[in-house]
Amino acid sequence: MLNFTLAVNPNTENLDEEIKFLNLAAFYADKISVLSPNIDTYDFLNRKSKNKKNIEMELINKLLKSLPICEFVSKDDLSEERDQLLQLESVVKSGGYKNSSLIERMKIQSILKESEKATIEDLRELYGEDNIDIIEVLQKEKILYIEHFKSSIENVLEYSKEFFEKLDKLYKKEIPLLDDKTTEKFENNRKNIIEFPDFSDKSFNEILDLRKDLKNELDDFRKALSKLNKEIENYERKEEEYNIDDLVGEILEDNYNILIEKLEEKGIENNKKLSLNIASKGEIFNGLYNLVPNIISSSASFNEDLKNIEKYNLKDEKNSILYFEYK
């Protein structure tokens, strides 16, 4: 299995930046984990409620979590809606609510469900129907897995801590796909290994068709890249030295050449915008330390100072990590 983790700078207005990178990863990866407050918010709202006994509180929590995102994206002042939700929360939590009539409880449920529906419709319009459709197709194909956050994005310190914890956990088994805004502060000791074509001029459906047409070549390439990643991990664990060029030549190069040849037969030019690189985990997380404030400030309205975000304490910062970078 070749799994990617996607965490990139959003563009503050829609999901175009995330979708561009999902298109890139969708061809190469078996599975993509995405860390995006915007995608998380939409998916969280759109999930069916599971708590039948206290559906009111579940709906209130969904709407309160979405407010800072919706406020930022729509550029509207939603303080009145926030006050109304907090008032409803107070009512639902009160001792007398459980003893109220079924009609009264159904009335509040109806108000909350209508608010949830309206918010979903607003986000679909703001983010773009086509973008939402791509996300939902990738989920249906079991390619895309959305990371959900327990903390609200308004709580900057808790949210950033959870963000780094998720990245640290994911990077133990997945390869990051980063944008050049994240990697521009990397030191010069990173190494470029191999370069790949991107599919910026192809539609999402064309990419999925290519993925199916080249399934055998992709499967072999994914297995080889996964093996390369594991070999590097094994050397690191045993504190043995390795030559990355020799490992690439031995494990990856043949399958890479076959894949590129098949892509060229399909008219895909190797424009070398996507590169596979290696760097220390500490260096990558330093770059991500600069990314997280950008993601928070470009995704939601909030009150906390982003300068207070603490650097994540890595236990294995010297270990090497393979990562993809798009320029």
Using only Cα atoms, tell me the angle between helix 16-28 and the longest principal axis of the chain; keep it within 0 to 90° and round to the nearest 10. 50
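Estimate the FRET efficiency between M106 and E80 by the formula 1/(1 + (r/R0)^6), using the beta-carbon distance for r and 30 Å for R0, to the nearest 0.05.
After rounding to 0.05, the efficiency reads 0.80.
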Where the centre of each part is set by its Cα atoms, how far does the range 148-217 sit from the range 289-326, in angstrom? 13
How much length is gained if the chain between L64 and N290 is pulled fully straight, taking 0.36 nm per residue apart and subtracting their Cα-Cα distance, in nm to one decimal? 78.7 nm
What's the carbon and sulfur percent of the chain's accessible surface, probe 1.4 angstrom, rounded to a whole number? 43
What does the charge count around D316 come to, taking other residues whose C-beta lies under 11 Å from its C-beta (Lys +1, Arg +1, Asp -1, Glu -1)? +1
Honestly the range 180-300 on the Cα gyration tensor test (a ≥ b ≥ c root eigenvalues; a/c under 1.5 rounded, otherwise a/b vs b/c for prolate or oblate) is just oblate
Just checking my list [x] 0.98; [y] 1.22; [z] 1.03 against Rg/Rh (Cα atoms, Kirkwood Rh) computed from this structure; which label fits? [z]
Net length gained if the chain between I194 and K161 were fully extended (0.36 nm per residue, minus Cα distance): 8.6 nm
Work out how much length S90 to R124 would gain on full extension: take 0.36 nm times their residue separation and subtract the Cα-Cα distance, in nm to one decimal. 9.3 nm
For the range 82-138, what is the accessible area per residue in Å², given a 1.4 Å probe and the full set of protein chains? 63
Computed, not fitted: 222 nm per-residue ellipticity of the chain from DSSP H runs ≥ 4 (each -39500 (n - 2.57)), nearest 500, equal to -18000 deg cm²/dmol
Which distance in Å, rounded to a whole number, links the C-alpha centroids of the range 86-102 and the range 239-280? 60
Spin-label pair N54/E206, simplified geometry with 7 Å Cα→Cβ offset, distance in nm: 5.1
First check a/c for the range 1-158, with a ≥ b ≥ c the square roots of the eigenvalues of its C-alpha gyration tensor; if it is under 1.5, answer rounded, and if not, answer prolate when a/b is larger than b/c or oblate otherwise. prolate
Ranked order, V292, V137 - accessible area, probe 1.4 Å, largest first: V137, V292
Under the definition of Cα pairs under 8 Å and six or more residues apart, what whole-number percent is the relative contact order of the chain? 29
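The values are calculated or read from the model by the stated rules, or taken from the named source; none is laboratory data. This one's a predicted model, so the numbers in the text were calculated from it and none came from an experiment. Here the Cβ is made from the backbone with ideal geometry for all residues, glycine too, and neighbour counts use every protein chain on show. SASA here: full protein model, heavy atoms, side chains in, ligands and nucleic acids out. Shrake-Rupley method; radii C 1.70, N 1.55, O 1.52, S 1.80 Å.
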